[in-house]
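The values are calculated or read from the model by the stated rules, or taken from the named source; none is laboratory data. Just so you know, these numbers come straight off a predicted model, no measurement behind them. Cβ placement follows ideal geometry from the backbone for every residue including glycine, while neighbour counts extend to all protein chains displayed. The accessibility values were calculated without ligands, DNA or RNA, using every heavy atom of the protein model including side chains. Shrake-Rupley method; radii C 1.70, N 1.55, O 1.52, S 1.80 Å.
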Amino acid sequence: MRMIQAGNPALVAALVVGWQAIAPLPARADVHAAQAKTTPAVVQDSQSLPEPSPAKLAAVGSVERHARDLEQLSDRIWAYAETALREHRSAAALADYAEKQGFRVQRGVAGMPTAFTATFGQGRPVIGVMGEYDALPGLSQKALPEKAPLEPGAAGHGCGHNLFGAASLGAAIAIKEQIAAGSLRGTVIFFGTPAEEDYSGKVYMARDGLFDGVDAVLAWHPSDETQADMVSSQAMVDLAVEFRGRAAHAASDPWNGRSAVDALELFTHGVNLMREHVRPTSRMHYTIVSGGDVPNVIAEYAKVWIWLRDWKRQEVEQLLARVKLLASGAAQMTETTAAVTVQGGSWEVLVNETGARLLNANLLWLGPAVYTEQEQAFAKQIQRSTGVPEVGMFAGVKPLEGQAQEGGSTDVGDVSWIAPTLHVSVATAPVDAPWHGWPVVATGGMSIGHKGMLRAARVLAATMVDLYEQPAALAAVQAEFKAKRGDVEYVSYVPPGPPPVPKD
């Protein structure tokens with residue numbers, strides 16, 4: 001799920017200026033072009049900055065040495081295409097490979113059989129990197145530039161998470177090797193985080209304290225463009241609203257019935273009237289889960305599943321309070337009872353601009369992606385099939401400034417309020433390709449996706465080296481985190497008890 005709200009330039013400027021005087025951002029003089037979506041590449045301002053350290057070069061070299069293994073690992077997960085909390089083979093593939101590389105692996109963490117951690121090293125700093133690997137239902141697709149299900153009705157990686165987990169583990173392995181060689185000191189943790197698309201696995205891991213004591217966390221996400229993310233996500237709360245009434249024969253004695261469906265209709269009508277009286281940034285979307293069984297019985301039970309979103313959690317909390325009032329009012333009008341249950345939710349991402357500048361510098365140092373004519377033709381055929389401009393793949397780096405806000409929520413947000421979180425998006429699908437759709441599955445199973453995955457692994461590894469080698473850089477990242485978080489205390493939206501692990 002892709003992310004997306006602008007941060008506070010004044011704050012990051014104050015933090016970064018002092019840090020740059022001590023430890024300038026790494027980059028190279030021959031800064032490449034930042035390619036716009038539908039226009040020729042635009043050259044970013046160049047800056048002469050220090051050459052990369054031996055540890056950084058070695059970490060990037062590690063990604064190259066493991067490239068074939070990472071591609072095969074990604075392809076296996078692409079083929080497994082397992083949905084949320086059912087990623088048994090996918091999680092095992094990643095965990096087994098981490099164990100083979102010398103990590104201490106703990107499986108089944110936070111009550112989820114498909115969640116795990118892989119740790120190497122000791123002492124501080126403790127740097128984490130997150131990886132996802134869940135697929136989406138109904139998106140089965142061959143690695144072809146036209147819609148062609150591999151298995152009709154089956155799942156597919158329409159968000160590129162097969163690439164996500166493999167790349168992040170590749171970066172963790174690169175750091176592990178440098179710690180083992182004595183070039184870096186500290187601890188690296190790979191967090192295997194399942195069920196981002198459905199149950200928000202990171203929220204359960206956050207609730208259970210797995211990210212406590214981590215000095216910084218990195219993550220990336222497949223995209224149709226490449227940028228160090230300076231934008232946030234929408235906070236979201238997931239609710240079940242249930243009404244209970246009294247059944248009766250709809251023809252012979254309807255006066256003895258109290259309709260839960262009447263209450264449901266009044267509630268949803270209230271939600272829709274409320275849309276005029278919320279902020280433009282607010283979103284409310286629902287589906288009717290249960291609305292009676294047959295028309296000749298007054299329904300005694302009805303249920304609505306609704307999500308409330310906004311760019312700020314405080315606004316979501318206000319929406320939640322108002323929706324509870326709507327449910328209560330609908331119940332009173334129909335002489336039924338209402339129950340509003342918080343099933344889950346996620347916080348907005350707390351953007352770390354200092355960290356984004358580190359990521360951006362490393363993206364520029366590493367250079368643009370290079371695609372073959374065949375790969376660009378593949379991308380353009382997908383664009384032609386989906387009715388978007390045929391511009392091919394995005395190869396450069398988008399500037400830090402002017403990044404667009406889009407809708408979407410992610411459980412990365414919860415982690416970002418516990419530890420400083422650095423996030424980067426990397427192109428793995430054609431520009432403007434429909435996300436959560438077959439085009440993303442198609443490119444995720446071939447060389448276009450592989451190139452994006454390896455590019456992500458390199459930038460994550462390079463940035464992690466900076467955090468290990470430059471105490472001032474890590475301190476600046478943490479100072480911004482503490483300043484932005486203030487006295488806010490993280491409290492998970494997920495209810496007490498174990499995660500809703502499917503039984504099948």
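At least 3 residues being of a type outside the set (Asp, Glu) and in contact with a Phe, Trp or Tyr (Cβ under 7 Å, 6 or more places away or on another chain) is the threshold, and among the helices (runs of 4 or more DSSP H) wholly inside the range 53-133 those reaching it are 88-100.
When you scan the range 279-288, do you find a residue that is aromatic (Phe, Trp, Tyr) and under 33 Å from the mean Cα position of the chain (by Cα), even just one? The answer is yes; a qualifying residue exists.
If the condition is being open to solvent by 10 Å² or more (accessible area, probe 1.4 Å) and either at pLDDT below 95 or closer than 30 Å to Val477 by Cα (or both), then the range 126-172 contributes only Val126. Only one of the numbered conditions (1) within 30 Å of Trp311 (Cβ to Cβ); (2) of a type in the set (A, V, I, L, M, F, W, C); (3) open to solvent by 20 Å² or more (accessible area, probe 1.4 Å) is violated by Val261, and that is (1). Out of Ala327, Ala251, one residue alone is farther than 30 Å from Pro439 by Cβ, over 21 Å from the mean Cα position of the chain (by Cα), among the hydrophobic types (A, V, I, L, M, F, W, C) and assigned to a helix (DSSP H, G or I). It is Ala327. For the range 173-224, the set of residues classified as hydrophobic (A, V, I, L, M, F, W, C) and either open to solvent by 10 Å² or more (accessible area, probe 1.4 Å) or part of a loop (DSSP other than H, G, I, E, B) (or both) consists of Ile179, Ala180, Ala181, Leu184, Ile189, Ala195, Leu210, Phe211, Val214, listed by residue number.
Can you find a residue that is surrounded by 24 or more Cβ atoms within 10 Å (Cβ to Cβ) and over 17 Å from the mean Cα position of the chain (by Cα) anywhere in the range 406-421? No, the range 406-421 has no match at all. Regarding Ser252, is this residue at pLDDT 95 or above and within 30 Å of Gly170 (Cα to Cα)? No, not satisfied.
Of all positions in the range 464-486, at least one carries a residue that is aromatic (Phe, Trp, Tyr), farther than 29 Å from Lys312 by Cα, modelled with pLDDT of 95 or more and surrounded by 20 or more Cβ atoms within 10 Å (Cβ to Cβ). Here Pro26 fits the description: at pLDDT below 95 and crowded, with 20+ Cβ neighbours inside 10 Å. Going through (1) more than 21 Å from Gly329 (Cβ to Cβ); (2) open to solvent by 70 Å² or more (accessible area, probe 1.4 Å); (3) of a type outside the set (Phe, Trp, Tyr) one by one, Thr281 falls short only on (2).
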